Every structure is written in structure tokens, then in C-alpha cells.
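Take a look at the structure set out below.
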There are 2 protein chains.
Amino acid sequence: MQHQGSEELRRRALWMADRCLGRRIARLQRLVSRRFEAELRESGLTLAQVEVLSEMAVSGEPVRPSEIAGWLGIERSTISRNLDLLAQLGYVRAAETSATGRTTRVVVTDAGHQALADAQPAWERAQAWISGAVDEDAVDALDRWLTALELAPRPR
Amino acid sequence: MQHQGSEELRRRALWMADRCLGRRIARLQRLVSRRFEAELRESGLTLAQVEVLSEMAVSGEPVRPSEIAGWLGIERSTISRNLDLLAQLGYVRAAETSATGRTTRVVVTDAGHQALADAQPAWERAQAWISGAVDEDAVDALDRWLTALELAPRPR
DNA sequence: CGCTCACTGTTGCAGATACACCACATGGAG
DNA sequence: CTCCATGTGGTGTATCTGCAACAGTGAGCG
């Protein structure tokens, strides 16, 4: 808490700003997601919705909401709302429901598959824009990041 | 729009989900930002606020809001609001203001520098957690991503 | 000087997310 | 079987973000 010379403070800020991984990854995500959202707008789907739908489609079987949350690293509550929305659109459907009305497993409907297929061209454009800018190695590095952080011990 | 075999639809979804850069980067960002936010909570600062403050501190001189927006890849409107909030906290201050009340340049106050310095330990923990998990090459790859996308031609 | 035009800060608005919390579910121990 | 611990789905709430739109700004030019 002691007073610091202004030069010292600036050097310290530079050190943080320059190395901060949070800043750089956030910036990257903002750039990328904006492009995806812009392209996907015409299809009426959100990037998050595409993520959820495709993840469900990959599985092919009824999945539990919390599984999706885990795969995507999204809060369960957020997934719950997204599934609500997708259900209203008719793209997903509860495959199993407990007596109290909680959905325990969900599946993609035919309309959902169709919507995903329709969104593919837009998706492809965004994907191409990004992968055209970076080299293959960088993409591999991204995957290494993900697996590394998945395995990283969670503090607390 | 024609009907597709369910096998075909699943393969297509797998292709998208697996390769989607939007999905992977978003997932990475969620993992990383959650960790930063969790650590920073005790300091009362948000990751976004740390980004803004440190970026301003690095410059050392009064900066224009839109410059910050450009550096961080954040909307001008969002920066405007963040600056409002930081000003309420006393961490930034308008250095220049036009007659109509628009702030044209802002600076970090002493309290702002101090808040940044106080947040550094928490920041360090999050940073260490991440950089401990990934190798140096991956960090370089991240920077290549950023510069590449910055230079990428913007469609439309 | 006056005009134009690109840029900038701000605000209204709509949507999305996370956290805290609660009720229900599930499975093992006694 | 009962009880308890853990996990899971859903809701309330607060916050944040981006887009669209608008008014002010300022540099360049006739």
C-alpha cells in the first residue's frame, strides 16, 4: 500500500498488460465471436446455439443438460435457458422428463438438424475467414491449450 | 433444404463441432476468464476493468476512449460505460472534455494505479495457473493469432 | 469562410451470461 | 427401508455486452 514512483507504476502496468493472457484471449474471442455472430445472423442462430446444437447432434443420443455444459464450459443455468429457447424454436426436444417436469435428457429434432445444416454456409464463411488468417500450427496450439487447461488442477 | 439421412446429418454436425474455431476459442475464453474473475473478485476489479486500466496506464498519457476500444477489441459503447464506472470508483478521470460534456481524453488517477497494483497478486495467481498449464510455444501461437486477425481483411 | 464527410462519444434497447440459491434426484451407508 | 450427501435442473437477480442510432467534432477542400 506504500506510495510508488509513477515510473515504477507504469512499468508494472506495462508488465501486466503485455503478458496478460486473460486480455489476449478475451481479445481473440471478441474478434472471432463477432465475426461468427455477424455471419450467422442471417441464419437466425447464435454462435452459442450452434455450439449447443452441434454438440448434441454429435452425440446422437439423448444427453443430459449438464453434459453439454461440461463439454462447452458453460454454466448449467445458461444451458438451461438456451435449451428453453431452442425448444421454443422447435430445434430441441425433451427426450426424458422426470415427474416434476425437469428434463433429464434432450435431443435435437429434425428441424434442429435442418437449421444446423442451413447455418452451415454462414458458419463456413466465418471459419474460412479465421483459418485463412492463421497457420495450421496455431490451430494445433489452440487445442493444446484446451487439453492442458482441462487437465489443470482446479484451485480451492 | 432437401431431406438428409440422419447418418449424414450427424457426420456433418461432427465435422462442424470438431473444427469450429468459434467454439474452441469461446470455450478457452470461458475457462480463462472465469479463473481471472474468480481471483480478481477479492480486489473488486473485473477482468475488463483491469484490461482498461492497465492499457491506459501503459500509455501514460491521456488517451481517447476509442483508442482503448481499438486496443482491446471492445465496442466503443462498452468502453464508454466502463469508463463511467471506473470514474465513479475514482480510478480514472477525464483529462479533456469538450464543451458539450463529451470526454475526449482520460487518464488513470493515483487511486487507479493503486487499485491496479493491489489487484496484481490476484492477477498473478490466475496468470500463473494458466501459463503453468501451457507451454511457451502455445503462448507465441496466441500472439500470432492476434496479429494475423488484426491484419485480416474485414469482409463487407 | 462554409460545406462535406468520416469519425467519435453516448444512450436506448435487447439479449446473454454468471452467480447464488432452491427443490428435486440419486445412490450409498446404516 | 430410512437418512444423508452429492449432484442436477431451474429461477431470480445483477451485470455486462453489442448493435443501432444520434448528435457533436474536426480535418480537408472548394
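Looking only at segment B:56-77, decide whether some residue is in contact with a strand residue (DSSP E or B) (Cβ under 7 Å, 6 or more places away or on another chain), farther than 26 Å from A:ARG34 by Cβ and more than 13 Å from chain A (Cβ to nearest Cβ). The answer is yes; a qualifying residue exists. So in segment A:121-138, with the set limited to residues that are without any contact (Cβ under 8 Å) to a residue 12 or more places away in the chain, open to solvent by 20 Å² or more (accessible area, probe 1.4 Å) and at the interface with another protein chain (Cβ under 7 Å from one of its Cβ atoms), which one is farthest from A:ASP84 (Cα to Cα)? The residue in question is A:ASP137. When A:GLU51 is tested against (1) among the acidic types (Asp, Glu); (2) outside any helix (DSSP H, G or I); (3) within 7 Å of chain B (Cβ to nearest Cβ), only condition (2) is not met.
Consider A:ALA99 carefully, then state whether it is small (Gly, Ala, Ser), more than 11 Å from chain B (Cβ to nearest Cβ) and not in a helix (DSSP H, G or I). Show your work before the answer.
Numbers: small (Gly, Ala, Ser): yes; more than 11 Å from chain B (Cβ to nearest Cβ): yes; not in a helix (DSSP H, G or I): yes.
Criteria met by A:ALA99.
When residues in segment B:73-93 are screened for being in a loop (DSSP other than H, G, I, E, B) and within 9 Å of DNA strand D (Cβ to nearest atom), 3 of them pass. Among the residues of segment B:12-49, just one is acidic (Asp, Glu) and buried (at least 21 other Cβ atoms within 10 Å of the Cβ), namely B:GLU39.
Mind counting the residues in segment A:78-88 that are within 17 Å of B:ARG34 (Cβ to Cβ) and open to solvent by less than 10 Å² (accessible area, probe 1.4 Å)? Write out each step before concluding.
First, the residues of segment A:78-88 that are within 17 Å of B:ARG34 (Cβ to Cβ): A:78-79.
Retained after the next criterion (residues that are open to solvent by less than 10 Å² (accessible area, probe 1.4 Å)): A:79.
Going through segment A:78-88 one residue at a time, the tally reaches 1.
Residues of segment B:58-69 being modelled with pLDDT under 95 and in a helix (DSSP H, G or I), which ones? The answer is B:VAL58, B:SER59.
In segment B:82-95 there is at least one residue matching the filter, namely being within 11 Å of DNA strand C (Cβ to nearest atom) and farther than 24 Å from A:GLY22 by Cβ.
Every residue, every condition in (1) among the aliphatic types (A, V, I, L, M); (2) closer than 14 Å to B:VAL63 by Cα, yes or no:
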| site | (1), (2) |
| --- | --- |
| B:VAL92 | yes, yes |
| B:THR103 | no, yes |
| B:TRP123 | no, no |
| B:ALA128 | yes, no |
| B:VAL134 | yes, no |
| B:THR147 | no, no |
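Residues that are touching a Lys or Arg at 6+ places or on another chain (Cβ under 8 Å) and part of a helix (DSSP H, G or I) within segment A:123-139 comprise A:ALA126, A:GLN127, A:TRP129, A:ILE130, A:ALA138, listed in sequence order. In segment A:105-116 there is at least one residue matching the filter, namely being within 12 Å of DNA strand D (Cβ to nearest atom) and either open to solvent by 20 Å² or more (accessible area, probe 1.4 Å) or at pLDDT below 95 (or both). For the criterion of being assigned to a helix (DSSP H, G or I), within 16 Å of DNA strand C (Cβ to nearest atom), closer than 28 Å to B:ARG144 by Cβ and facing chain B (nearest Cβ under 8 Å), A:LEU142 fails.
Considering the conditions (1) away from DNA strand D (no atom under 14 Å from the Cβ); (2) open to solvent by 20 Å² or more (accessible area, probe 1.4 Å); (3) touching a residue at least 12 places away in the same chain (Cβ under 8 Å); (4) farther than 26 Å from B:LEU149 by Cα, B:PRO62 is excluded by exactly one of them, (1). Any residue in segment B:99-110 that is free of Cβ contacts under 8 Å to residues at least 40 places away in the same chain sitting within a Cβ distance under 9 Å of a residue that is more than 16 Å from DNA strand D (Cβ to nearest atom) and basic (Lys, Arg)? List the pairs, counting only those 6 or more apart or interchain. As it stands, the answer is B:THR109/B:ARG93, since those pairs meet every condition given.
The values are calculated or read from the model by the stated rules, or taken from the named source; none is laboratory data. What you see is a predicted model, and the numbers here were worked out from it, not measured in a lab. Reconstructed Cβ throughout: ideal geometry from the backbone, glycine too, with neighbour counts over all protein chains shown. Surface areas here come from the heavy atoms of the whole protein model, side chains and all, with no ligands, DNA or RNA. Shrake-Rupley method; radii C 1.70, N 1.55, O 1.52, S 1.80 Å.
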